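Before any comments, here is the structure.
Since every read-out is calculated from the coordinates, none of them should be taken as a lab result. The structure displayed is predicted, hence computed values, not measured ones. Virtual Cβ from ideal backbone geometry, glycine too; neighbours counted across all protein chains shown.
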Amino acid sequence: MLKILDRYIIKTFFGPFFFIFSVLFFIFIVNIIWVQLGQFMGKGLSYWQILKLLFYLGVSVISMVLPLTILLASIMSFGEFGERYELAAMKAAGISLTRVMFPLLGVTMVLSVMLYFFSNNIIPDFQRKAKNMLFNIAQTKPALNFTPGQFIDQIPGYMVKFDKIYGESGENIEGVFVHRKASTFENQQSIVAEKGKFVPAANKNFLKLVLYNGYVFEDNIAGKPDNVRLKQPDQAIKFDTLVSHFDVSEIINKAIEEEQITDDYRFQTYNKLEETIDKNKKDNVRFFETVGGDVLNQANPVISYMDKNKAKAAPKSQIRLDTLKKDKKLEMIYNAYNRLDNLKTTAESKNGEISPNVKYFSKVVIYQQRILTYSFTCIIFFLIGASLGSIIRKGGMGLPVIIAIVIFIVFYVINVGVENVAWSGKMNPYLAAWIPNMVLFPFGVWMTYKALTDSQLFDAEKYKALFKPITKRFSKNKEHKRYQ
């Protein structure tokens with residue numbers, strides 16, 4: 001009997017789970033598209049390349065999507081149980097809420113373990129592929145996209161202009177001007193033609209252009225002495241038909257997925273990150289010792305100077321600048337002040353050098369710890385979601401969605417807030433990574449306790465009765481008109 005009930009509970013949970021996961025994944029992907037849209041435009045990417053990039057980027061958001069999905073699915077599942085009075089029937093049959101939550105708690109733990117291995121072993125590879133692909137797309141020149149009446153330099157080594165472009169695929173052109181951008185020792189060449197046509201080349205690395213009725217203007221004396229220039233003027237060759245091939249391999253054969261970036265900490269597993277953290281600790285210790293030694297070496301002369309030239313004169317209420325050079329004690333104070341000011345400037349510059357090291361160390365630690373923390377977040381969100389669902393007893397996409405969004409926003413704000421504090425060096429990064437879970441875990445335990453004790457936490461009538469003595473003072477007793 002209980003096995004049948006367990007299967008029913010799990011089946012009810014996974015119904016909204018897959019739907020919510022798909023919706024949230026789509027929302028996160030749309031956000032990525034919106035952020036990265038500028039890098040896709042005008043790069044000549046195929047639909048397959050764009051889909052592949054979005055898939056690489058989307059895999060990394062699963063670590064954030066899965067906890068939110070568990071939270072929302074658990075609220076909806078237990079809310080439906082309460083709304084259909086199935087929880088009441090289970091309790092009447094002697095089945096406690098703890099026993100009802102047990103199978104889904106086991107499912108959540110399995111999903112948490114899967115998320116850990118997924119974040120540790122799979123996400124780093126896709127992070128590497130995504131970042132390299134974005135880098136290569138950013139380095140890629142725009143695709144061949146000619147605009148009539150404008151000079152275009154998209155073909156490597158050439159400047160072209162077409163007065164008119166027409167045809168089904170824009171293969172016919174009129175008013176052609178092609179100029180080769182030559183160096184000092186190359187021949188300058190310009191081609192002018194009445195019309196032309198793009199023709200598929202045998203080699204895909206070349207763009208084949210057939211031109212009709214035009215001239216080739218060429219300066220064939222580049223780099224030659226002045227006396228030779230006077231004897232050999234520029235050449236103009238008339239043609240009826242001219243076939244030109246342009247090398248566009250730099251655009252077509254750009255290795256979009258070539259891995260040029262390999263040393264990012266986000267490409268590493270948990271154990272590799274531990275090695276990176278240890279190495280970074282040692283580097284930071286050496287760096288801080290060097291910086292401290294520099295500041296100390298500069299501070300010692302200032303302290304020695306001030307000890308040697310102590311001014312015991314009574315303080316003056318007013319100091320005139322024209323007497324400063326005449327008064328030796330004041331001059332000593334002025335010099336000491338200048339040295340202290342220089343020391344302060346040096347300390348501020350060294351602090352600017354320290355901040356990037358602290359920020360990088362905090363980033364690596366937080367990224368490593370989140371491989372673990374997000375797995376625990378799944379369990380905490382289940383406790384909160386299952387308890388809330390059994391208390392509010394509302395299923396569907398209404399109130400459960402609002403509550404889940406509020407809880408997730410609180411979690412996200414805490415997450416980002418402590419992250420920024422850790423980056424500034426004001427908080428231990430290990431503590432910063434675990435604080436969101438440390439804040440929400442007591443709340444999850446408290447909500448579970450309230451659910452087990454059948455608390456009327458969201459009963460509006462209960463709060464009305466609580467505030468009734470207060471509201472009663474502000475309400476006027478009106479007699480019925482019949483008795484006036």
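Computed extension gain for residue 197 through residue 262, at 0.36 nm per residue and net of the alpha carbon distance, reaches 19.0 nm.
In this structure, residue 401 and residue 168 have a Cβ-Cβ separation that, at R0 = 51 Å, corresponds to a calculated FRET efficiency of about 0.55. With bins 5 Å wide beginning at 0, the percent of Cα pairs of the range 47-198 falling in each bin runs 2, 7, 10, 10, 8, 8, 7, 7, 6, 6, 5, 5, 5, 4, 4, 3, 2, 1, 0, 0.
Site pair residue 4 and residue 212 shows an inter-label distance of 8.3 nm when each label is modelled 7 Å from Cα along Cα→Cβ.
Each peptide among 82-89, 380-387 gets the average number of other Cβ atoms lying within 10 Å of its residues, and from highest to lowest they stand as 380-387, 82-89. Packing order of peptides 55-62, 447-454, highest average first: 55-62, 447-454 (average count of other Cβ atoms within 10 Å over each peptide's residues).
As a length-normalised measure over Cα pairs under 8 Å and 6 or more apart, the relative contact order of the range 374-455 settles at 48 percent.
For residue 428 and residue 205, a Förster radius of 51 Å and the Cβ-Cβ distance give a FRET efficiency of 0.40, rounded to the nearest 0.05.
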